[in-house]
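Have a look at the structure below before the remarks.
Read-outs throughout are calculated quantities, based only on the coordinates presented, and are distinct from any laboratory measurement. What you are looking at is a predicted structure, and each value in this text was computed from that prediction instead of being measured. Cβ coordinates were reconstructed from backbone atoms using ideal geometry, including for glycine residues, and neighbour counts include every protein chain displayed.
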Amino acid sequence: MSKMSTDKNSTGTRVIFGPNKSYFALTLCLILVLFVNYFLYLQLQKLFKENLQERIISMASTAALNFDPNEISKISGPESIGSSVYQETVLKLNHIRQANKNVKYAYILRKTSDPNVLQFVADADSLDPAKIFDLNEDGKIDESDELNSPGDPYDISEFPWLRDEGFNGATVDSDLTQDQWGTFLSSSSPIYNSKGDTTDLIGLDVEVSDFIKITNAALVPYALFVVFLCLIITALTHFLVKTWKARVHVVQELDRQKDAVLHMVAHQFKGPVTTINFTTELLLDGTCGELTSEQKESISTIRTASQKMGAQSEMVLDAAKITLNKLPLNPVPTDLNELFKEVIEEAQNHAKQLKVHMKITLPNQTLPTAMLDRKYTQLAIDNLLSNAVKYTALKSEGGNVDFVVEMKNKTLFFHVKDTGIGIPKAEQDKIFLELYRASNAGKDGNGLGLRVARGAIEAQGGKMWFESEEGQGTTFFVELPLVVVAKK
Ligand code: ATP
Ligand code: MG
């Protein structure tokens with residue numbers, strides 16, 4: 001069975017998801033979108049970089065194939081500068097550089113006994129002394145930038161990729177190097193001899209400033225699109241919240257008007273109904289002259305209908321007072337034995353009429369006298385019992401209603417269990433709302449009884465909740481702490 005507990009603070013008005021929550025959700029979404037965007041940006045950049053690194057590695061490995069390690073080994077010091085091997089090597093490096101406009105530097109370095117130091121062999125610019133570079137990387141090109149000569153030491157301690165991996169195979173720097181002359185990615189490949197040994201490697205510094213531009217060019221439209229999308233969503237949400245607010249306002253106003261009309265009608269009914277009740281009493285007790293039995297029967301029918309109308313008007317007014325938390329309680333010493341006797345008698349008559357079996361279980365000890373609003377406590381129990389009988393008979397003849405009363409530590413517990421139609425799960429959270437009737441409840445009823453019953457119990461510090469399964473039955477539970485008084 002599904003279980004529904006009462007919400008002590010609930011007034012029965014419909015609570016709808018507020019606009020502040022919508023804005024909060026929207027802000028969260030925007031943060032999430034920005035986060036996802038940033039993540040995608042990084043991923044895309046990583047992909048672009050990996051792709052570029054692969055291309056540069058393959059450039060270095062292909063370039064390494066152009067050199068004969070035996071020939072290069074002949075270049076050993078400044079004295080090699082005039083040699084044909086040196087000139088040929090420098091020319092080849094130049095060709096490699098010309099083949100790809102992004103290759104800015106091409107050079108050959110040799111292993112030494114110190115892993116942090118390589119020996120300079122040749123550079124693509126070695127034969128062009130007029131063309132000097134910022135070799136000391138001080139941001140200026142001047143005479144202090146001397147070109148390296150064969151045999152010059154070259155400190156590679158700041159290039160761990162070259163130091164650790166350079167002679168193991170083609171490799172590439174994992175980070176872009178950015179200086180005032182551009183953004184570079186360096187790669188190298190060992191120059192192997194026929195035995196697969198190597199002492200020299202070729203290094204290529206490739207300018208990749210374009211890469212940054214290309215990456216941004218690819219990502220900017222995407223980022224703009226996402227920002228545009230976010231703006232559209234924001235505008236749409238803003239519009240929806242505004243429309244929603246207007247609608248809520250209309251619904252609230254309709255609710256208010258409905259309550260006002262109901263209240264007014266119930267009030268207007270009260271006077272005439274009291275008059276009809278009083279007059280029918282006079283007629284029935286013979287004050288206005290003796291009536292025939294047929295006349296008495298008709299007048300009795302009028303009296304019953306009028307009493308029913310009076311009770312319903314009262315219920316409308318009570319429900320309105322409960323909504324406003326203004327139920328006028330009048331706690332008086334109430335003998336619970338008497339109270340239960342009365343409600344049980346009435347419920348048993350009702351059950352008999354509708355062919356429902358009713359089982360009553362009262363505690364063994366006599367119930368105490370407690371400070372309670374007699375009228376509203378009785379009304380609450382009446383409503384639960386009459387619902388149980390009514391919705392059990394609605395299912396089939398011969399169903400059961402169990403009414404169990406218990407007392408524990410000055411708290412009164414009772415529950416009404418029936419084998420009736422049950423309450424559909426999807427409607428269970430609305431069942432205490434004013435005028436709400438479940439879709440399987442038939443036509444007889446107004447949807448006020450439970451609201452008043454729960455209001456009456458809660459106003460006296462108690463709780464009411466239920467468990468129900470459609471088609472199987474329902475149990476309503478009540479827990480009511482008592483202020484016990486000595487019996488008069
Ligand atoms: P009235 O105002 O005349 O009592 P009602 O019985 O329809 O009319 P409530 O007593 O407030 O109204 O009950 C509200 C709804 O809760 C009912 O219409 C019915 O759908 C459901 N309900 C209440 N008690 C039971 C029950 N014992 N078994 C099944 N459904 C129930
Ligand atoms: Mg009812």
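List of remarks:
- Relative packing of 364-372, 388-396, which averages over residues the other C-beta atoms within 10 Å, highest first: 388-396, 364-372
- Residue order for MET309, MET464, fewest other beta carbons within 10 angstrom first, comes to MET309, MET464.
- Extent along principal axes [Cα atoms of region 332-485; Å; largest to smallest]: 43, 29, 22
- Whole-Å semi-axes of region 360-407's equivalent ellipsoid (Cα gyration tensor): 25, 15, 5
- Proximal aspartates and glutamates relative to LYS463, as straight alpha-carbon distance under 17 Å, when same-chain residues fewer than 8 apart are discounted: ASP7, ASP373, ASP382, GLU406, ASP429, GLU479
- 10 Å Cβ shell holding at most 13 others, DSSP loop, GluC sites (Glu not before Pro): longest site-free stretch of the chain: 1-136
- Local charge for THR215 was computed over the other residues whose Cβ lies under 13 Å away, with Lys and Arg +1 and Asp and Glu -1, and equals +1.
- Here region 222-381 is treated as a Stokes sphere of Kirkwood radius computed over C-alpha pairs; at 37 °C and 0.692 mPa s its diffusion coefficient rounds to 153 µm²/s.
- Among complete DSSP H helices in the chain, those whose alpha-carbon atoms stretch at least 24 Å along the helix's long axis and whose mean Kyte-Doolittle hydropathy reaches 0.0 are 19-64, 209-284.
- Net charge in the neighbourhood of THR411 (other residues with Cβ under 11 Å of its Cβ; Lys, Arg +1, Asp, Glu -1) is +1.
- The Kirkwood radius of the chain, taken over pairs of alpha-carbon atoms, gives through the Stokes-Einstein law at 25 °C and 0.890 mPa s a diffusion coefficient of 77 µm² s⁻¹.
- Within the shell of other residues whose beta carbon sits under 10 angstrom from the beta carbon of LEU379, the net charge comes to -2, with Lys and Arg scored +1 and Asp and Glu -1.
- Per residue, the average separation of C-alpha pairs within less than 8 Å and at least 6 apart gives the chain a relative contact order of 14 percent.
- Cβ crowding within 10 Å ranks ARG247, ARG451, ARG374 as ARG247, ARG374, ARG451, fewest other Cβ atoms first.
- Listed by Cβ neighbour count within 10 Å, with the fewest neighbours leading, SER188, SER80 appear as SER80, SER188.
- With the cut-off at under 15 Å, measuring from each backbone N in region 64-97 to a point 7 Å along the Cα-to-Cβ line of SER194 picks out 68-71.
- The chain: calculated mean residue ellipticity at 222 nm from DSSP helix runs of at least 4, using -39500 (n - 2.57): -16500 deg cm²/dmol
- Shape box of region 311-404 [Cα atoms, principal axes, largest first, Å]: 40, 35, 16
- Of the cross-linked pairs LYS258/LYS326; LYS242/LYS425; LYS326/LYS359; LYS352/LYS430, those separated by over 27 Å at the C-alpha level are LYS242/LYS425; LYS326/LYS359; LYS352/LYS430.
- Straight-distance candidates among the lysines for linking to LYS213, with alpha-carbon spacing under 16 Å and chain neighbours fewer than 8 residues away dropped: LYS46, LYS49.
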